[in-house]
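To start, the structure itself, in C-alpha cells.
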Amino acid sequence: MRRRIYWLLPDVASARRTVDDLLLARISERHIHFVAKEGTDMTGLHEANLLQTSDLIRSAEAGLCIGIATGAILGAVLAVGFPIVGDKPQWGLIGVLAIVGAVFGAWASSMIGIATPSDRLKRFQPAVEAGQLLLMVDVPRSRVREIEQRLQSLHPEAHFEGEEKQVLAFP
C-alpha cells in the first residue's frame with residue numbers, strides 16, 4: 001500500500017530539481033505527478049492524469065452501488081408482479097437486472113465523474129491558479145517520513161501540504 005504526499009512548488013525549475021532528487025531517492029517516475037495551471041510548460045514533468053485529477057473513481061463506485069440497488073429492486077418488482085413465463089415469480093430476473101443496473105450505473109456515473117474536478121485537489125486550486133505546481137508523490141508507507149525529510153531539507157522553497165492515507169496501486 002502506498003501513501004500520497006502533497007507538496008506545493010513555486011515554479012517549474014523547482015519542480016524539475018525536485019523530480020531529480022526524488023529519482024535519486026529511488027522513487028519511480030510513474031509515482032511522481034504534477035498539477036499545474038493550464039498552459040504551463042510541463043516538459044520533463046509527469047503530468048497527473050484523469051484518474052488523479054477527476055472524481056472518476058468515486059463517481060463510478062457510487063454509480064455501481066446505486067445501479068445494483070436500483071436493478072435489484074426493479075428486478076424484484078418485475079419478478080413478482082409481472083412473471084415472464086407462467087404464474088411463478090422469475091427470481092433470476094433480480095440478479096440479471098442488478099448486474100445490468102451495476103454496469104449502467106457505473107458507466108453513467110463515470111461519465112459525470114470524469115468531468116468533475118477531484119474533491120481532494122480543490123484545496124490546492126487557488127495556489128495552482130496563482131502559478132504554483134502541485135506535486136503528488138506516491139511512496140511506500142515505510143518511506144513517507146524519509147521522503148518528506150529529504151524534500152524539506154533539499155527544497156526549502158517547497159511547502160508540505162499533507163498526505164493521503166491510501167492510494168490505489170494502478171494509477
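At a glance:
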{"read-out": "Relative intensity, log₁₀ I(q)/I(0), of the chain from a Debye sum that treats every alpha carbon as a point, q = 0.14, 0.15, 0.20, 0.21 Å⁻¹", "value": "-0.76, -0.83, -1.23, -1.30"}
{"read-out": "Descending semi-axes in Å of the stretch 56-113, equivalent ellipsoid built from Cα gyration tensor", "value": "28, 7, 7"}
{"read-out": "Fluctuation leader among A13, A102, A72 - the chain, Gaussian network, Cα springs under 10 angstrom", "value": "A13"}
{"read-out": "Contour minus Cα-Cα distance for E61 and A13 (0.36 nm per residue)", "value": "13.5 nm"}
{"read-out": "In nm, spacing of pseudo-spin labels at M111 and S142 (7 Å Cα→C-beta vector)", "value": "4.6 nm"}
{"read-out": "For the chain, built as a Gaussian network whose Cα springs stay under 10 Å, the top-fluctuating residue of I99, I114, I57", "value": "I99"}
{"read-out": "Between 0 and 90°, nearest 10: helix 92-113 axis offset from the chain longest Cα axis", "value": "30 degrees"}
{"read-out": "S54 long-range amide H proximity, modeled H, under 5 Å", "value": "S118"}
{"read-out": "Chain lengthening between L24 and K122 when straightened (0.36 nm per residue, less Cα-Cα)", "value": "32.3 nm"}
{"read-out": "In the stretch 11-103, GluC sites (Glu not before Pro) in a DSSP loop with at most 11 other beta-carbon atoms within 10 Å", "value": "E38"}
{"read-out": "The stretch 56-113 - percent relative contact order, Cα under 8 Å, separation 6 or more", "value": "55 percent"}
{"read-out": "Loop-located chymotrypsin sites (Phe, Trp or Tyr not before Pro) in the stretch 74-171 whose Cβ has at most 14 other Cβ within 10 Å (DSSP)", "value": "W91"}
{"read-out": "FRET efficiency, M42 to I73 (Cβ-Cβ, R0 30 Å, nearest 0.05)", "value": "0.05"}
{"read-out": "Residues I99 and Q149, FRET efficiency given R0 of 45 Å [Cβ-Cβ distance, rounded to 0.05]", "value": "0.40"}
{"read-out": "Residue-by-residue Karplus 3J(HN,Hα) for the stretch 140-153, coefficients 6.51, -1.76, 1.60, Hz, glycine and proline x", "value": "x, 3, 5, 10, 4, 4, 4, 5, 4, 5, 4, 5, 5, 6"}
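Only the coordinates and a few stated rules stand behind these numbers; no lab work does. Just so you know, these numbers come straight off a predicted model, no measurement behind them. Quick reminder, even Gly has a Cβ in these numbers, built from the backbone with ideal geometry, and neighbours come from all protein chains shown.
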